[in-house]
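Worksheet: one structure, shown below.
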Amino acid sequence: MEIILFWLILSCLVGYYAKTKGRDSVKAFILAIFISPLIGFIVVALLENKSDDLQLKSGDLKKCPACAELIKSDALKCKHCGESQAQDKSVDELQLLIKNLKNK
Ligand SMILES: [Zn+2]
């Protein structure tokens, strides 16, 4: 009986691990529960981390042009290298304006 509980807990952990990587936690959970939590864990570990990509696409994050680290899009200064981001913001605003104009 305990092995089933242990299996379930491990499968949940695999699902959670997939979520932290920006992956589908339900698919990872199903894979872990029906095949093996260990195999599920290995598969998730081999998958590319998508959470940064998602945040980049949604506009929450941007890449610092000076050091290439990810920073918040609202940041005026890079937290990694201290580079001023003020110019970049106006470029973003221009791109947004152009996008809005194209949609009209
Ligand atoms: Zn930087």
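The values are calculated or read from the model by the stated rules, or taken from the named source; none is laboratory data. Model, not experiment: these values are computed from the prediction. We place every Cβ from the backbone using ideal geometry, glycine too, and count neighbours over all the protein chains shown.
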Is one or more of the residues making up the range 45-65 within 8 Å of the ligand (Cβ to nearest atom) and out of contact with any Pro (no Cβ under 9 Å at 6 or more places or on another chain)? yes
Within the range 68-80, restricting to residues that are among the hydrophobic types (A, V, I, L, M, F, W, C) and exposed (fewer than 13 other Cβ atoms within 10 Å of the Cβ), the one that is farthest from the ligand (Cβ to nearest atom) is Leu76
Is it the case that the range 80-99 has a residue that's polar (S, T, N, Q), under 23 Å from Gly22 (Cα atoms) and out of contact with any Phe, Trp or Tyr (no Cβ under 7 Å at 6 or more places or on another chain)? no
Taking first residues from the range 50-73 that are closer than 21 Å to Tyr17 by Cβ and assigned to a loop (DSSP other than H, G, I, E, B) and second residues anywhere that are of a type outside the set (Val, Ile, Thr) and at pLDDT 80 or above, the pairs with Cβ under 9 Å that are 6 or more apart or on different chains are Lys50/Lys21; Lys50/Gly22; Lys50/Arg23
Among Val91, Val26, the single one that is within 16 Å of the ligand (Cβ to nearest atom), surrounded by fewer than 15 Cβ atoms within 10 Å (Cβ to Cβ) and assigned to a helix (DSSP H, G or I) is Val91
